[in-house]
Each structure stands twice: as C-alpha cells, then as structure tokens.
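Here the structure is laid out as structure tokens; the discussion comes afterwards.
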Amino acid sequence: MGNSALPKFLRYRWIIFWVLSGGYILVYFHRLCPAVVAVDMMQDLKTGGTLTGLLSAAYFYPYAVMQLPAGLLSDSWGPRKTITIFFLVASIGSVLLGIAPSAAWALAGRALVGVGVAMLFVPTMKILAEWFRVNEFAVMTGILMAVGGLGSLIAAAPLAWLSVWIGWRLSFAVVGACTLVLAALVWMVVRDRPADLGWPSPAEHLQSKVEPIALREGMRRVVGCKAFWPLAVWFFFNCAVFFSFGGLWGGPYLIQVHQLSKDQAANVLSMLAVGMMVGSPLLSYVSNSIFRARKPVLVLSSLITAGITALLAFRTAQVTPGVLVAMCFGLGLFSSAIVVIGFTANKELFPVQMAGTATGLVNLFPFAGGAVFQPVLGYLLEGQGRVDGAFTLAGYQQAFSALFVCSLIALGAGCFVRETIRRN
C-alpha cells in the first residue's frame, strides 16, 4: 500500500469499526431493556410472571440458535450483507413489539429482534479480522465489548426517561427506527475486506497455512472434548443469574420490594453496565498479568456472584440502597464481564482453526441459561400470588433462591474448568 493511501485506509477502517460498534450497542440494549419497562409491559399486555419471562426470553432462544448459522451466512453472503438484512429484521421486530396488540404479537416481535441482532457479533469478528492485524484485532475486540456496555447503560436510565416521556411502546418504535438507520449505514459504509476498495488486507501476510477443519468435524471434536463441558455448564448457570436479574426481574424487584421509582430503579440497574465496562479490561489484566491463569479468576468471580445472590435470596428486603448499587455493580463485573475470561479459556482449549466453531458452540449456553430461567423466575413469582398487582416478597425470595442455586452450580463447574494458560 502506498504512503498516500495509508492514512485514508487507517481512517476508513475506524469508521467501519464505529458503525459496527453502534450495532453492538443495540445488541446489548435489546438484551437488557425489558428490566426497566417490565412492570409497564405486564400492565399493558395483561401478562403474568411466566408469560412476561417468556416474552423477555423470546430474544434469547433465536439468538442462541442463530450463532452457528451466523458464521455460515457470513462466509456465503458476506458479513456486510448478513448484518444489513438481519438488522432490517430486528428493526421490524422492535416496531412490532412497540405496536403489539397482544402478548402473542409482542412475543413475535421480541423473537424477530433476537434473530436480527444475533447476526452482528460473528460477522463483525470476520470484518475486523480482515481490516486489522492480529495484535490489533485483540485490542479492537476488547474495545467492542466495552462499547457494548453502553447498550446496557442506555437500556437503564435513558430508556426509563424515554418511556416516561413517550411510553414504552413508542420507545421501542424509536429504537426500531434507529436500527433501520444503522442497517442503512452498514450497507453504505462497511466493506467486507479492504480489497473491496482496492486496498490490500493487513492480515493477509499473517494468515496461518494450517489445514482448515470442516464444520462437522470441528463440532464433533468440541462436543467430544471433556474439558469443554465444565465451561459450558458454567456459562449456562452463570449467565442465567445475570440475564434473569439484569435483563428482566431486577427492575420489578427494585420497584415492588424497595419502592423505588422507575427512574431510581434504572439508575441502580445502570451499575450493571458500569461493572461490565470496567470489568472486561480489568479481569483480562488480572487473568493475564496477576494470576497468569484463567481458572482462579473464574472461580473467584463465581464465589462473589454466589455471595451476591445469597444476599438477594436471604436478605431480599433488608439490603440498603447503597448495597443494592454495589450488588448491581458486582453482578456486572463478576457475572457479566467475567465471560471474557470464559470465552478466552474456551478458545485456548482448541486449535486456532477451530476457534470459530468452539466459540459458536459455547455461545449457545449463556443465552440458553437466560432463555430457561427468565420464565422460570416468572413462574416462581406468580406462584406466590400478587398484592395490588405486585409480586410478593415471598415470591422474590423464592425466585432469587433459584438464582442462588444457579450460582452454586456455576461455582462447582468453575472448579472443574481446565487451566488453559501454559506456564513455563
């Protein structure tokens, strides 16, 4: 590449990165947004706890299922086309959720959102691998994960303010319009590889000359690896805790048990996002430079998560506002940001040419955990009845006891995780 073209190339790849980062913000927003508006949605759609849990989980089921097709479509259609088409689907889903006349239509809208935003992460990884060197790629992935935390932040206080101003329905219609704008930006700005604009790829000379492994063979080897399953179990139950509380039932709990306003609850929940953004680089540094290991960081984080869920289960109504803030920050740090270490450990279990398959398979489990336990907690809450339309303290105690059990199982699974950093 000539010296005159280099500055333009460097600028353009950053433009691509920030457009894709905008998409990742929306992915995280959609993942956690029901927590703030759950009470409004239950009243408007006349749903109980189980149905509300299914409504929120409708995002997670298709998101999990679409992880492997995401890689296949990125290879056949190309990342740019894949993201654009599926963000159009997500846009339609968000608008449908906003105008849904019944819970069934709302479920359909939420599921379409899950299908659409599921096609952002894997294609984005493919694009970044073409536009950045290997050492740059690791840094860019970390920045992308931290930027995703902004989506969690927007899903808290800003969404609460917007829903108070224009209502939860119109809020989702606005988000659908933003998703449509982003789909257009991806199509106009993003290119799959520098060669599409006549530039050489900075990654070309770094590509490994190892033999590729077919998808079926890669899946067989991942599923047949005994060390894969403790990580998979850890992902399932650890993320069940975070997605059940941070993605749905944390908001109603703060409003109905602690009598916080929607704005106050959103401010407390925003600490989940702060913990996530702080935790991603912090835990990576702790793992790489202090412990020089993955397993101790996973186990210690799981132990702290178990302590937080124990407070939720056994001191449900007694925790002070300051402790609630600290608990949400802790869940963002030790139950959400910690997945960066989990994904790294999983990747290090397998040869580099199986990294995509291994990541796609293990990525099924965190979203399956959210999909299963959001409605389970709703069922437990509904089982204890309601008082003046609000779930009871006994219901929340029972629901959070289930999360405590999840955290203990995750802690146990973490103890069986294989250490993947090779020491001299």
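The values are calculated or read from the model by the stated rules, or taken from the named source; none is laboratory data. Please read all numbers here as calculations on a predicted model, not as lab measurements. No Cβ is skipped: glycine too gets one built from the backbone with ideal geometry, and neighbour counts run over all protein chains shown.
So, in the stretch 139-178, of the ones that are of a type in the set (S, T, N, Q) and modelled with pLDDT of 85 or more, which residue ends up surrounded by the most Cβ atoms within 10 Å (Cβ to Cβ)?
Among those that are of a type in the set (S, T, N, Q) and modelled with pLDDT of 85 or more, it is 171.
Whether any residue in the stretch 250-265 is at negative phi, crowded, with 22+ Cβ neighbours inside 10 Å and touching a Gly at 6+ places or on another chain (Cβ under 7 Å) is what I want to check.
yes
Kindly indicate whether residue 221 is part of a helix (DSSP H, G or I), of a type in the set (Lys, Arg), free of Cβ contacts under 8 Å to residues at least 40 places away in the same chain and surrounded by fewer than 24 Cβ atoms within 10 Å (Cβ to Cβ).
For residue 221, the condition - part of a helix (DSSP H, G or I), of a type in the set (Lys, Arg), free of Cβ contacts under 8 Å to residues at least 40 places away in the same chain and surrounded by fewer than 24 Cβ atoms within 10 Å (Cβ to Cβ) - is not met.
Given the conditions (1) of a type in the set (S, T, N, Q); (2) touching a helix residue (DSSP H, G or I) at 6+ places or on another chain (Cβ under 6 Å); (3) touching a residue at least 24 places away in the same chain (Cβ under 8 Å), and given that residue 384 satisfies all but one, which numbered condition is not satisfied?
Condition (3) is where residue 384 drops out.
Within the group 90, 70, which residue is farther than 20 Å from residue 184 by Cβ and either touching a Phe, Trp or Tyr at 6+ places or on another chain (Cβ under 6 Å) or not basic (Lys, Arg) (or both)?
Values: 90 fails: farther than 20 Å from residue 184 by Cβ.
Residue meeting the stated conditions: 70.
Select from the stretch 1-53 the residues that are within 24 Å of residue 277 (Cα to Cα) and of a type in the set (Phe, Trp, Tyr) and list them in ascending order.
Of everything in the stretch 1-53, those that are within 24 Å of residue 277 (Cα to Cα) and of a type in the set (Phe, Trp, Tyr) turn out to be 14, 17, 18, 24, 28, 29.
Report the residue count in the stretch 42-66 for those that are touching a residue at least 60 places away in the same chain (Cβ under 8 Å), surrounded by 24 or more Cβ atoms within 10 Å (Cβ to Cβ) and of a type in the set (A, V, I, L, M, F, W, C).
Total meeting the criteria: 2.
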